[in-house]
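Structure first, commentary second.
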Amino acid sequence: MFRRLTRTQLVVDLVAAGLFVLATLPFDLAIGRFADHNALGTMLVSLVMGIALGLRRASPSLALTVAWAGAILQMSLGRPPTTADVAIFGVLYTTAAYGGRRTFWAGLASVGVGAVAITLYLFVPSIVAVGITASTITTALAVTIAAMFGLGLAWTTGALVRTGIRARDNRRAQEAAEAETAAEAERTRIARDMHDVVAHSLAVVIAQADGARYAAAADPDAAAAALGTISTTARAALSDVRMLLMQLRHAQAAGPQPTLADLEQLYAQVRAAGVALAVDVDPAPRGEASASVQLAVYRILQEALTNALRHGAGGVVDVTLAWHDDRVELSVFNDVGAAVPPEPDAARGHGLIGMRERAQLVGGELTAGAGGDGRFVVRATLPIAATGAAGPTGATGPTGATGATGPRGATA
C-alpha cells in the first residue's frame, strides 16, 4: 500500500500539498461565490484534492482512490471544475510512474472514465433542459477529447518515467551481476593459485622431511641440506600465500605472476626433493609468449611435477616442451606402475581439474591418464601468439632447461 520514501521526500510532499491547498483555495472560493456555492463544500473539495496530492508518491493507489472520492464529492455538490482539480494530473502521473501493476492499469482506465465522466457531468444538465443539438454534441466531443488528451498526457509521462526507472534498475542489476561474476572468477583464480602453491610446496617439504629423517643418523650433512631446502621452500610458499591473501583484500593488487623464467627454480625444487628430472626443449621459444600462456605453462608443470612427486613410483620424470610458431606442447611422464588410477577417478582430483581449467582459459586442451607403457602422462597443447625477437634455435629459453644441447634440443 505504501512505498518507502525518505524523510526529505515525505516532508517535500506534505509541504507541497499544503501549499497547493493554500494557493488554490482563494480561487476556488471566488468561483464558489460567483456561482453561489457553499464555502464549506469548496474547502472540503480542496482539502481532499490536497490529501490526494500529498499521498501521490507514498501510496499511488490510495492517492487515486482519494482523488476519485474528491471528484465524486465535487460532482455530488454540483460544483464546476476548479483549480483544485489540477491535483488529478499529479496523481495520474504517479500511478503510472510508481504504482504497482494494478494501480498502473487503474490509472490508465481512470483517464478514459474520467474524461467521459467530466463530459457527462458538464453536458447532461443542458441536454436534459434543452435537448440534443449538433452544437452540444460537437462541444461535448471536443471536451471529451481535450480531457482525455490532458489526463492521458499526465499518465503517459509517468509511464515513460517508469520505463526509465526500470531501465536504470536493470542496468544496475546487470552491473552488479557482472561485478559479482568477475569477483567470483577472481576468487576461483586465487583459489587455484593457492592450491598450486600449497600443494607443490608441501609435497617438497614432506619429501625433504622424510629424507632428512632417514639420513639424520648416517649423513648429518644431507639432513642439514634437506632442512635448508625445507626452509627455503616454506619461506617461498609463505610469500606466495601472503601475496594471494593480499589479492583477496585488495582486488586491484594483482601482484606478480610466475613466468617461464621461474621454471628453473621450480625444477631445482623438484630435484632437491629427490626426483630425477629430465627436461627436453625442442624447439626452443623464438619469442616471448603472452603472460597468460607463461602462467599456464608454469602452473601446469608445477601441478604435474607435484603429482609425480606425491604419487610417482620413482624413476626419471621426463618433461618435454615444444615451442612452435602457433602453439606450445608440453608433456610430463612419470612412473606409477600398477598404482595408476583409472581416468574417471583421477579426474576428480583438484589438481587435474585445475590443470584442465588453466589450459582451457588460454584456449588450449589438456589430457591426463595412464600411458601404454605403465607411465602416467600429462599432455597439454596451448595456443600462443609470440612477440619479440626470435632467439637462436637450440638455445636454452626461459623455460629454465639447462645442460648440454643435444641433437633434439636443449636437454637438462
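For this structure, a couple of remarks:
- Straightening the chain between Leu14 and Arg102 buys 29.2 nm, computed as 0.36 nm per residue apart minus the Cα-Cα spacing.
- Spin-label model, Arg3/Ala183: points 7 Å from Cα along the beta carbon direction are separated by 2.8 nm.
- Kirkwood hydrodynamic radius (C-alpha pairs) into Stokes-Einstein, region 122-206, 4 °C and 1.567 mPa s, D in µm²/s: 66 µm²/s
- The slack in the chain from Arg310 to Ser126, taken as 0.36 nm per residue of separation less the alpha-carbon distance, amounts to 56.1 nm.
- Estimated dipole of region 1-157 in Debye, rounded to 20 [Cβ of Lys and Arg +1, of Asp and Glu -1, Cα centre]: 580 debye
- The length gained on full extension between Val113 and Val143, counted as 0.36 nm times the residue separation minus their Cα-Cα distance, comes to 9.5 nm.
- Per residue, region 57-186 exposes 56 Å² of solvent-accessible protein surface, assessed with a 1.4 angstrom probe and all protein chains in place.
- Calculated FRET value between Glu175 and Leu153, using beta carbons and R₀ = 35 Å, to 0.05: 0.60
- The apolar share of the surface of region 40-155, taken as the fraction of accessible area on carbon and sulfur atoms (1.4 Å probe, ligands and nucleic acids excluded), comes to 80 percent.
The values are calculated or read from the model by the stated rules, or taken from the named source; none is laboratory data. Note that the structure is a prediction, hence the values are computed from the model and not measured. Glycine also receives a Cβ, built like all others from the backbone with ideal geometry; neighbour counts cover every protein chain displayed. The accessibility values were calculated without ligands, DNA or RNA, using every heavy atom of the protein model including side chains. Shrake-Rupley method; radii C 1.70, N 1.55, O 1.52, S 1.80 Å.
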